[in-house]
């Protein structure tokens, strides 16, 4: 499985866009990029995933570089409720595979 | 729909005691998982199940046993609790293992003294 590298923490201002980077330089062609987040004391929550193309949903946007070696999760208008630990995970979607979590980025949204 | 329900939410055990954590899901998911999360760390997979009657080991299975007698329930057992098992335990389920479809419970906070 490809290893991911995320900054351990970052701050952002309420109402501004939050850009969360993730490096996955050893990603292989059939591995997807997934983002989950964990708000304090709660179970993780799925945000978005993608393979090659940029993706957008009601929660966030995912920008994947052309060489697929890195990606950025964008929260377009961060709110205080977006304060959480954000996990970038790279895995092959295959039977018997399991989701594994690394350290993530601790994001603090400040008023 | 309740999603994934974990019971109990909190528990304090003495070293050597046993207990069972219950996870129930009402989404008809095939796959179920047990994770543990220690303070300031990410989640680590303990055991998982890909269907009724099946179980398999994850990253940190020692000291735990599991059973999946019914599709909707996944039980995690501690036979002889140790202080190193103090943690928050999360159960999750997914449809056929698709990673974007994981649904997590709200967690069980276990303290072993």
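The values are calculated or read from the model by the stated rules, or taken from the named source; none is laboratory data. Just so we're clear, the structure is a prediction, and the values are computed from it rather than from any experiment. Positions of Cβ are backbone-derived with ideal geometry, glycine not excepted, and every protein chain shown enters the neighbour counts.
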Discussion item. Looking at the structure I just gave you, is residue B:40 over 29 Å from residue A:86 (Cβ atoms), out of contact with any helix residue (DSSP H, G or I) (no Cβ under 8 Å at 6 or more places or on another chain), assigned to a loop (DSSP other than H, G, I, E, B) and free of Cβ contacts under 8 Å to residues at least 60 places away in the same chain?
Written reply: no
Discussion item. Can you pull out every residue in the range A:4-38 that is within 30 Å of residue B:6 (Cβ to Cβ), more than 11 Å from every other protein chain (Cβ to nearest Cβ) and surrounded by fewer than 14 Cβ atoms within 10 Å (Cβ to Cβ)?
Written reply: A:9
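This table checks each residue for (1) surrounded by 14 or more Cβ atoms within 10 Å (Cβ to Cβ); (2) part of a loop (DSSP other than H, G, I, E, B).
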residue	(1), (2)
B:16	no, yes
B:32	yes, no
B:36	yes, no
B:48	yes, no
B:61	yes, yes
B:75	yes, no
Worksheet item: over 14 Å from residue A:6 (Cα atoms) and under 11 Å from the mean Cα position of the chain (by Cα) - does that describe any residue in the range A:84-107?
Response: no
Fill in: Residues that are more than 14 Å from every other protein chain (Cβ to nearest Cβ), free of Cβ contacts under 8 Å to residues at least 60 places away in the same chain and surrounded by 14 or more Cβ atoms within 10 Å (Cβ to Cβ), drawn from the range B:78-113
B:85, B:86
Worksheet entry | Number of the condition not met by residue A:59 [criteria: (1) surrounded by fewer than 17 Cβ atoms within 10 Å (Cβ to Cβ); (2) within 13 Å of the chain's Cα centre (by Cα); (3) modelled with pLDDT under 90] | (3)
Worksheet item: Looking at (1) surrounded by 12 or more Cβ atoms within 10 Å (Cβ to Cβ); (2) within 15 Å of residue B:101 (Cα to Cα), which is the one condition that is false for residue A:70?
Response: (2)
Worksheet entry | All positions within the range A:73-111 that are part of a helix (DSSP H, G or I) and either surrounded by 15 or more Cβ atoms within 10 Å (Cβ to Cβ) or within 10 Å of chain B (Cβ to nearest Cβ) (or both) | A:82
Worksheet, complete the sentence: Of the listed residues (A:75, A:20, A:108, A:51), the one being at pLDDT 95 or above and either in contact with a helix residue (DSSP H, G or I) (Cβ under 9 Å, 6 or more places away or on another chain) or within 28 Å of residue B:47 (Cα to Cα) (or both) is A:75
